[in-house]
1. Show me the strands (runs of 3 or more DSSP E) entirely contained within region 1-77 in which 1 or more residues are among the hydrophobic types (A, V, I, L, M, F, W, C) and at pLDDT 95 or above.
2. Ile284 - would you say it is closer than 15 Å to Leu170 by Cα and outside any helix (DSSP H, G or I)?
3. From the list Gly174, Gly143, Gly128, Gly166, which one is within 16 Å of the ligand (Cβ to nearest atom), surrounded by fewer than 18 Cβ atoms within 10 Å (Cβ to Cβ) and of a type in the set (Gly, Ala, Ser)?
4. So which residues in region 223-253 are near the ligand (Cβ under 9 Å from one of its atoms), among the small types (Gly, Ala, Ser) and crowded, with 19+ Cβ neighbours inside 10 Å, if there are any at all?
5. In region 95-106, how many residues are surrounded by fewer than 24 Cβ atoms within 10 Å (Cβ to Cβ), free of Cβ contacts under 8 Å to residues at least 60 places away in the same chain and either in a helix (DSSP H, G or I) or of a type in the set (S, T, N, Q) (or both)?
6. Mind listing just one residue for me: the one in region 78-94 that is hydrophobic (A, V, I, L, M, F, W, C) and surrounded by fewer than 24 Cβ atoms within 10 Å (Cβ to Cβ) and, of those, nearest to the chain's Cα centre (by Cα)?
7. Restricting the search to region 38-54, which residues are more than 8 Å from the ligand (Cβ to nearest atom) and surrounded by 14 or more Cβ atoms within 10 Å (Cβ to Cβ)?
8. Which condition number in (1) in contact with a Pro (Cβ under 9 Å, 6 or more places away or on another chain); (2) touching a residue at least 60 places away in the same chain (Cβ under 8 Å) is the one that Tyr25 fails?
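The values are calculated or read from the model by the stated rules, or taken from the named source; none is laboratory data. Since the model is a prediction, treat every value here as computed from it, not as a measurement. All Cβ positions, even for glycine, are placed from backbone atoms using ideal geometry, and neighbour counts span all protein chains on display.
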Amino acid sequence: MSETGMSESGLSETRRAVLTGIGSYLPEHCVSNAELAERVDTSDEWITERTGIRQRYFAAPHETAAFMATAAARAALEHAGVEAISVDAIIVATATPDQAFPATAVRVQAALGATAAFGFDIAAACSGFVYALSVADAMLRVGQVDTVLVIGAEVYSRILDFSDRGTCVLFGDGAGAVLLQARQSPAGGPGILSTHLHADGRLGDILYVDGAIGRPDTSGFIVMQGREVFRHAVALLSAAVSEALAANHLTSQDIDWLVPHQANRRIIDGVGKKLGLPPEQVVITVDRHANTSAASIPLALATAIADGRIKPGQLILLEALGGGLTWGSALIRL
Ligand SMILES: CC(C)(COP(=O)(O)OP(=O)(O)OC[C@H]1O[C@@H](n2cnc3c(N)ncnc32)[C@H](O)[C@@H]1OP(=O)(O)O)[C@@H](O)C(=O)NCCC(=O)NCCS
């Protein structure tokens, strides 16, 4: 399969991963800051001021990562007008899978009836969606697959320590999915233009989940040094967006939208400011969804596409940082 070719008009075309569908799912139960303050020693004022979060969704027992991922994926397929049987691969980014195995992606494959697809999960915490997008992009460009579902799905409410008020107020549950399809795309045409991934395991102890199935003697809760994470987040994410722009010979003025990982309004504002992007060009959903980890970017993207802010042809810069630390960016022309 050739990666580059000529269109009928003689323009050079490249095989790219094009976003053709998007969908999302939020649990039914919405929890306001005031409601959370009934069980946690906190206040609406403190949470809003420090984080911009006003509410979050908490999953009911049946709303697992696989359940929500399936619902989001179904919506993305419907949006694209593509049948599940046409999907070649399913990648789910999650830190809160239903089971250690089978992978959440394989549960989603069965639920969708996507029997021609293979599937696997990616664990990169809040950077999971950008990591998954990067892997999908590579597989699509080399011709290994033509149609891929990339999903972020999380139920952080199940790993929150509600006695740790500095952490438990920040997170929520949800899922978002995109359908990527291989297309021959001209220069300036639609598709993923670049992805950049990073990790620094030396910072693993500033944000982690205490244990997993392989470590039964642990709490299973998120542990976070909030200030340390904050400090690294603004610096590393600002560097990541600069890296993405430089790699594509672009400036921030070429960007239509920044769709950041939705962790904290102050982190988002800090990165937007360093990028020199006006707040009107930054998509914010942290106020409504809180931090849904790997689901936050596709949820934000789905929200801004559904409400008509993000339009076909626009250039979107995604960035995320999470436990690991892991971080990265993706630049996409819709
Ligand atoms: C968590 C975060 C909001 C805390 O804000 P902060 O300004 O650093 O606050 P501190 O942790 O220093 O706490 C300040 C005070 O607020 C109190 N406090 C902490 N959580 C509180 C809460 N939910 N409600 C009320 N008071 C709270 C602390 O006890 C402390 O009180 P003290 O001064 O009397 O000791 C901030 O550090 C942050 O957003 N970090 C990034 C976290 C993140 O995004 N992680 C995910 C990345 S993917």
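1. Correct list: 12-25, 29-32, 55-58.
2. yes
3. After applying the criteria, what remains is Gly166.
4. Residue satisfying the conditions is Ala233 alone.
5. 2
6. Restricting to residues being hydrophobic (A, V, I, L, M, F, W, C) and surrounded by fewer than 24 Cβ atoms within 10 Å (Cβ to Cβ), the top hit is Ala80.
7. Asp44, Thr48, Gly52, Ile53, Arg54 - these are the residues of region 38-54 that are more than 8 Å from the ligand (Cβ to nearest atom) and surrounded by 14 or more Cβ atoms within 10 Å (Cβ to Cβ).
8. With respect to (1) in contact with a Pro (Cβ under 9 Å, 6 or more places away or on another chain); (2) touching a residue at least 60 places away in the same chain (Cβ under 8 Å), Tyr25 is out only on (1).
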